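Enquirer: Got a structure for you, questions after.
Any read-out appearing in this document is the output of simple, stated calculations on the displayed coordinates, not a laboratory observation. As the structure is a prediction and not an experimental result, all values here were calculated from the model. Glycine also receives a Cβ, built like all others from the backbone with ideal geometry; neighbour counts cover every protein chain displayed.
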Amino acid sequence: MGGHQAQRAGFGAQVVLIAGKDLEIEWRSRVTAARVLPFAGILLLLFAVALDPDRGLLPRVAPGLFWVAAMLAALLAIGRAFAVERENRAGLGLLLSGIDPAAMYVGKVLALLAQLLVLEILLGVGMIALYDVAPGNVALLGAGAVLASAGIAAAGTLYGAVVVSDRGRDSLLAILLLPVLVPVLLGATRLFETATGGGDDAALWLGLLAVFSALYGALGTLTFGSLLEEA
Amino acid sequence: MTVLARRATWATALASLGALAVLALLVAPPDRVQGDAQRLMYLHVPAAWVAYTAFAVTSLASALYLWRRTRHVRWDRIAAASAELGVLFTAVTIALGSLWGRPVWGVWWAWDARLVTTAVLLFLYVGYLALRRVPGSRQVRARRSAIAALVAFVDVPVVHFSVVWWRTLHQQPTVLNPELNPQIEGVMATTLLVGVLAFTALYLALLMSRYQLARAEEDAGTEALSAAIARRRGAAAGIPKLTEVGA
């Protein structure tokens, strides 16, 4: 699509364009898959080694470990999402294309969300197989994963743009993003515990995750443009 | 902000801290249950109050910087100075709380709502300060930091409510109770109030001094540059120059 056509396209079309671009780059290069998924697998291994599978701890702490692993892996995925903009000065090209920065933000969030969901499905399957966890209420797990990942993607894409020009960006992204994601970790873990173990506060945690995603989605949509100007 | 205003604020701060020391150590009675350990409250609570205030100031100053109509470099300086003080007072709050908690609760730390929120607050501040160290033009750094401050500000109520729903073991807030019924009274309440005022004065004094330091750093940068340029021009023209007002 030429620059003129990109600019004239509606907001939704621009979002699809950006999300499609990011996903296609990932599909062709498979960098995230080659690094992020093995990283998550290694974490599963490390947790099992550290917490000793014989003590019966792993199934009980699995929800928490799941989300810690998902968040650490998300750091890698976010780093990659912005690394592609640095190569061949692609970020500059995006700016010149006239695409609405808000659409760029939403597109990148959706692409990241898709990748995170794939990661989480595999992580979940891994935990069921390796940690002897019973899945429980799969619909609730799915809803929770979507909302939590939306929050991680929304806040993560925003912070990814904040640190994009820094050479120590990976460590800076980690210390900036992880404290902000504490409510997501809290809500998602409690929700997963309810889904696998029973309880009646699922609505509370789903609500928390939804509010977080909405807040950061709004913040990111409003501020992404001013962050890009510095490139 | 004049030198006089700054000095007056420092004088007020030091005087009220002196008054606090007398009240907290000598005048206020020891707690019936906790004994003298409870006196740490007169430092811990004001420090926590200032930590939250500093955070609010950073957030407000960041918003004022981001909004085009009020954009001015002074807001960025204030946001940065307040954030540094916020880290300091949050760390002090946690340390004092730990010292107070050990004899009273039996543990150095507990994972209750208020402590977890304060720990997250500390990390949010530290991240903000780390971001400010990233090299870049002043405007870029100011804008980036302001957005990060906004992100952190939005996070705090979410963290607070999520953690409160999750657990509660910390005492119910004694003064800012939902029923607005202060449960400490008399001399203790007065001492606590003096503590809050003294720490607020200290915060303002530190903020003013830190702000002035930031301005001095910027001026030193510009002046040194201007002086160096003037010296070069003088050398090129073959005329030795001793001093020249900066261009």
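Enquirer: Taking the Cα centre of chain B as origin and charging only Cβ (+1 Lys, Arg; -1 Asp, Glu), how large is the dipole, in debye to the nearest 20? Don't skip to the end; give the middle numbers.
Expert: Numbers: 24 positive and 13 negative charges, 247 e Å.
Dipole magnitude for chain B comes out near 1180 debye.
Enquirer: Helix A:182-197 sits at what angle to the longest principal axis of chain A, using alpha carbons and giving 0 to 90 degrees rounded to 10?
Expert: That helix lies at roughly 40 degrees to the long axis.
Enquirer: Using only helices, what value at 222 nm comes out for chain B when you add -39,500 (n - 2.57) per DSSP H run of length 4 or more and divide by the total residues, to the nearest 500 deg cm²/dmol?
Expert: Numbers: 6 runs with 179 residues, N = 247.
Rounded to the nearest 500, it is -26000 deg cm²/dmol.
Enquirer: Also, I was wondering about something else. Using a 10 Å cut-off around each Cβ of peptide A:93-105, what is the average number of partner chain Cβ atoms that fall inside? Present the calculation step by step, with values, prior to reporting the outcome.
Expert: Values: counts 0, 0, 0, 0, 0, 0, 0, 0, 0, 0, 0, 0, 0.
That average works out to 0.
Enquirer: Which ordering of B:Leu129, A:Leu181 is given by a fewest-first count of other beta-carbon atoms within 10 Å?
Expert: On the way: B:Leu129 14, A:Leu181 25.
With the sparsest Cβ surroundings first, the list reads B:Leu129, A:Leu181.
Enquirer: How far, in degrees from 0 to 90, does helix A:169-180 lean away from the longest principal axis of the Cα atoms of chain A, to the nearest 10?
Expert: Computed tilt is about 60 degrees.
Enquirer: Additional query: Which is the longest run of chain A containing none of the trypsin sites (Lys or Arg not before Pro) found in DSSP loop states (not H, G, I, E, B) with at most 15 other C-beta atoms within 10 Å? Please list the in-between numbers first.
Expert: Values: sites that count: A:Arg30, A:Arg167.
Longest stretch, sites excluded: A:31-166.
Enquirer: Another question, if that's okay. What whole number of Å gives the distance from the Cα centroid of segment B:42-78 to the Cα centroid of segment A:4-65?
Expert: So the separation of the two Cα centres works out to 36 Å.
Enquirer: Sticking with this one: May I ask you to order A:144-151, A:157-164 by the average number of other C-beta atoms within 10 Å around their residues, highest value first? Let's see the in-between values first.
Expert: Values: A:144-151: 25.0, A:157-164: 26.9.
My ranking of the peptides, most packed first, is A:157-164, A:144-151.
Enquirer: Ignoring solvent entirely, what values of log10 I(q)/I(0) come out of the Debye formula for segment B:3-112 at 0.16 Å⁻¹ when each Cα is a single scatterer?
Expert: -0.88
Enquirer: Placing +1 at every Lys and Arg Cβ and -1 at every Asp and Glu Cβ, with all other atoms neutral, what dipole size does the protein assembly as shown have around its Cα centre, in debye to the nearest 20? Don't skip to the end; give the middle numbers.
Expert: Values: 38 positive and 30 negative charges, 353 e Å.
Value, rounded to 20: 1700 debye.
Enquirer: Further question: May I ask which residue of B:Ser145, A:Leu112, A:Asn137 lies farthest towards the positive end of the charge dipole of the protein assembly as shown, with charges of +1 (Lys, Arg) and -1 (Asp, Glu) on Cβ and the Cα centre as origin?
Expert: Projecting each Cα onto the dipole axis, the largest value belongs to B:Ser145.
Enquirer: Here is a follow-up. In a shell of Cβ-Cβ distance under 14 Å around A:Leu177, excluding A:Leu177 itself, what net charge do Lys and Arg (+1) and Asp and Glu (-1) give? Display every interim value, and only then the final one.
Expert: Details: positive: A:Arg169; negative: A:Asp166, A:Asp170, B:Asp155.
Computed value for this residue: -2.
Enquirer: Moving on to the next point. With r as the distance between the Cβ atoms of A:Ala83 and A:Ala134 and R0 = 56 Å, compute the FRET efficiency 1/(1 + (r/R0)^6) and round to 0.05. Please list the in-between numbers first.
Expert: Values: r = 38 Å, r/R0 = 0.68.
Step by step, r from the Cβ atoms, then E = 0.90.
Enquirer: Using the beta-carbon distance between B:Ser226 and B:Leu14 and R0 = 30 Å, what value does 1/(1 + (r/R0)^6) give for FRET efficiency, to the nearest 0.05? It would help to have the intermediate numbers written out before the result.
Expert: Numbers: r = 37 Å, r/R0 = 1.24.
The pair B:Ser226/B:Leu14 has a calculated efficiency of 0.20.
Enquirer: Related question: Top mean-square fluctuation among B:Thr90, B:Thr70, B:Thr12, Gaussian network model of chain B, C-alpha springs under 10 Å?
Expert: Comparing B:Thr90, B:Thr70, B:Thr12 in the GNM, the peak value goes to B:Thr70.
Enquirer: Please work out whether the protein assembly as shown counts as rounded, prolate or oblate from its C-alpha gyration tensor, where a ≥ b ≥ c are the square roots of the eigenvalues and a/c under 1.5 means rounded, while otherwise a/b larger than b/c means prolate and anything else oblate? Before the final figure, lay out the partial values.
Expert: Working: a/c = 2.26, a/b = 1.09, b/c = 2.07.
Judged from the Cα gyration tensor, the protein assembly as shown comes out oblate (a/c at least 1.5, b/c at or above a/b).
Enquirer: Just checking the output field for A:158-170: average partner chain Cβ neighbours within 10 Å of each residue's Cβ?
Expert: 3
Enquirer: Continuing with the same structure: Can you tell me the 0 to 90 degree angle between the C-alpha axis of helix B:41-66 and the longest principal axis of chain B, rounded to 10?
Expert: Roughly 40 degrees, rounded to the nearest 10.
Enquirer: Which residue, B:Gly101, B:Gly35, B:Gly86, tops the fluctuation ranking in a GNM of chain B built on C-alpha contacts under 10 Å?
Expert: So, out of B:Gly101, B:Gly35, B:Gly86, the one fluctuating most is B:Gly35.
Enquirer: Taking GluC sites (Glu not before Pro) as candidate sites, keep only those in a DSSP loop with at most 15 other Cβ atoms within 10 Å, then name the longest stretch of chain B containing none of them. Walk me through the intermediate numbers first.
Expert: Numbers: sites that count: B:Glu179, B:Glu185, B:Glu244.
Maximal segment without exposed cleavage sites: B:1-178.
Enquirer: Going by how many other Cβ atoms sit within 10 Å of their own, how do A:Trp27, B:Trp10 line up, fewest first?
Expert: Details: A:Trp27 11, B:Trp10 17.
Arranged by neighbour count, lowest to highest, A:Trp27, B:Trp10 become A:Trp27, B:Trp10.
Enquirer: Here's a follow-up. Is it possible to state the helix-based mean residue ellipticity at 222 nm for chain A, with each DSSP H run of 4+ residues giving -39500 (n - 2.57), the sum divided by total residues, to the nearest 500 deg cm²/dmol? What is it? It would help to have the intermediate numbers written out before the result.
Expert: Values: 10 runs with 193 residues, N = 231.
Dividing the helical sum by the residues of chain A leaves -28500 deg cm²/dmol.
Enquirer: Let me ask something else. Please order B:Tyr203, B:Tyr52 by the number of other Cβ within 10 Å, starting at the fewest. Let's see the in-between values first.
Expert: Details: B:Tyr203 25, B:Tyr52 18.
In increasing order of surrounding Cβ atoms, one gets B:Tyr52, B:Tyr203.
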